[in-house]
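Notes to accompany the following structure.
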Amino acid sequence: MKIGIIGTGNIGGTIARKMIAAGHEVLVANSKGIEGVRAFANEIGAVPTDVSGAVRDTAVIFLSIPLPAVTHLPRDLFASVPLEVPVVDTSNYYPGLRDDKIPEIDNGMTESVWVSKQIGRPVIKAYNNLLAYTLAELGQSEGTPGRLAAAVAGDDERAVEMVMELVTESGFDPVNSGSLEQSWRQQPSTPAYCCDYQASDMRRALDAAVKSEAPKIRDRMAEHFSKLGSNPSHADTVAMNRQLSPITR
């Protein structure tokens, strides 16, 4: 399968490595153009390209960029991309920690619904509720006891199934978390977010989410991170997320 990935940070870069390891042809792009991504592409065996090349004749496209950067993509980027090609949004909104305020999201719009509106087409939400370390280091073969899970949300059943298969190939059990509107259940500071759960607990965590609670908890994250230090360990981050957003239903 030919896969385009826009964004080569901790998540996008790791997804690129995972997809290559699974035998896919991968094109990578970032905001620096072809030359800016060439060294990384050569390192992992991907094809360097620009953002237009990443969406041309590809079977799946990943958007792995900060939410505010979505507004800087070319307005016609997806104009010629067939609707049956899944566009996967892996991003999260971190106001006050990394991102400028986005009023629509602050007023209750689901993050990936906002992304869909910005790019003018449906998206699938996936990989956003795994920590970068989890994605890079904790994947396991299908059927392995204790394998961790990742949530996948979207409105197109076929597209969701395609993305769930890629999640499986990358070492995690995919859990269908519902429609794109329902993907708020896997946003930051919900029980399903970055807690390293197996599939059964992931389903319970999704069911336990309370939309009005997540922003309140998210706003307390900076205080908790300051207590953990500037570079908290993976284990400390998981423990903090589980403490802030426990499965209570």
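Taken together, the values in this text are just the output of simple stated rules run on the coordinates, not laboratory data. All of these numbers come straight from a predicted model, not from anything done at the bench. Cβ sites come from the backbone with ideal geometry, for glycine too, and all protein chains shown count toward neighbours.
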From the gyration tensor of the Cα coordinates in region 101-249, what semi-axes in whole Å does the equivalent ellipsoid have, largest first, with each one equal to sqrt(5λ)? 22, 21, 13
Quotient of C-alpha Rg and 2.2 N^0.38 Å, computed over region 91-150: 1.45
Rule-of-thumb check for region 131-216: C-alpha Rg over 2.2 N^0.38 Å? 1.05
If you rank Thr90, Thr237 by fewest surrounding Cβ atoms within 10 Å, what's the result? Thr237, Thr90
Going out from 0 in 5 Å bins, what whole percent of all Cα-Cα distances in region 66-187 drops into each bin? 2, 11, 20, 22, 20, 15, 8, 3, 1
Over 25 Å between alpha carbons, listed pairs Lys32/Lys216; Lys117/Lys211; Lys2/Lys211; Lys18/Lys117; Lys18/Lys211: Lys32/Lys216; Lys2/Lys211; Lys18/Lys117; Lys18/Lys211
Using θ = phi - 60° and the Karplus form 6.51 cos²θ - 1.76 cosθ + 1.60, what ³J(HN,Hα) does each residue of region 147-161 get, whole Hz, x for Gly and Pro? 4, 7, 10, 9, 7, 9, 10, x, 9, 9, 4, 5, 5, 4, 4
Taking the alpha-carbon centre of each part, the distance from region 98-136 to region 32-48 in Å is 25 Å
Got a sec? How would Ile217, Ile11 order by Cβ neighbour count within 10 Å, fewest to most? Ile217, Ile11
As an exercise, use a Förster radius of 22 Å and the Cβ-Cβ distance of Ala22 and Ser80 to find the FRET efficiency, rounded to the nearest 0.05. 0.25
Could you tell me the convex hull volume per residue, in Å³, taken over the Cα atoms of region 30-75? 87 Å³
For the chain, compute the orientation-averaged projected area of the C-alpha convex hull (one quarter of its surface), in nm². 12.4 nm²
Over the alpha carbons of region 1-110, what is the largest minus smallest coordinate on each principal axis, giving the biggest first in Å? 41, 30, 25
When ranked by the protection proxy of mean other Cβ atoms within 10 Å per residue, highest first, what sequence do the peptides 122-130, 37-45, 198-206 form? 122-130, 198-206, 37-45
